[in-house]
Amino acid sequence: MSGCVKVALIVGAIVVLLGVVATGCSILVVNRAADETDEFIDDSFGEADTDDYDIEMTSCEIDEFGYVEAAGIITNTSDTRQGFQIDVTFTDESGIQIDTQSGYTDSIAVDGDARWSISTLQQTEDPSIRCEITEVSYTFFD
């Protein structure tokens, strides 16, 4: 074998090896980016982990216009600034659902509080209406 062929084979092997290493690095970078994107999506959408908030309903009453309003306070106990969506279901005394509505907080600082209120879209004069927080979700709203 001539010297030129040997050099060409060595250069070819080095190029292939560099291609394999570059491909491996690209796969690692893409996987890391995908993991970070998944984490961002998990913290921005979907049902919130109960360790990430404390919520209290402070009132459930009919306002002067006949709409039921649920109100309360939510505390962000997560380790990042976070906004929340709060879903409330309104039922009558027998448990029949009258309405379900959602409200959103602005982004809340770590250990910060936000007041929230959610009203029905239907008027009622039934004083036995009950309000129940049915879900708290993450939201990216600011």
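The values are calculated or read from the model by the stated rules, or taken from the named source; none is laboratory data. As the structure is a prediction and not an experimental result, all values here were calculated from the model. Quick reminder, even Gly has a Cβ in these numbers, built from the backbone with ideal geometry, and neighbours come from all protein chains shown. Surface accessibility is based on the protein's heavy atoms, side chains included, excluding ligands, DNA and RNA. Shrake-Rupley method; radii C 1.70, N 1.55, O 1.52, S 1.80 Å.
Out of (1) open to solvent by 80 Å² or more (accessible area, probe 1.4 Å); (2) at pLDDT below 95, the odd one out for residue 115 is which?
(2)
If we keep just the residues of the stretch 27-51 that are modelled with pLDDT under 70 and small (Gly, Ala, Ser), which is least open to solvent (accessible area, probe 1.4 Å)?
Checking each candidate, the answer is 44.
Would you be able to say whether some residue in the stretch 101-111 is hydroxyl-bearing (Ser, Thr, Tyr), buried (at least 17 other Cβ atoms within 10 Å of the Cβ) and not in a strand (DSSP E or B)?
Yes, there is a match, as at least one residue in the stretch 101-111 is hydroxyl-bearing (Ser, Thr, Tyr), buried (at least 17 other Cβ atoms within 10 Å of the Cβ) and not in a strand (DSSP E or B).
For the stretch 52-82, give me the residue count where each residue is open to solvent by less than 30 Å² (accessible area, probe 1.4 Å), closer than 25 Å to residue 108 by Cβ and assigned to a loop (DSSP other than H, G, I, E, B).
Selection size over the stretch 52-82: 1.
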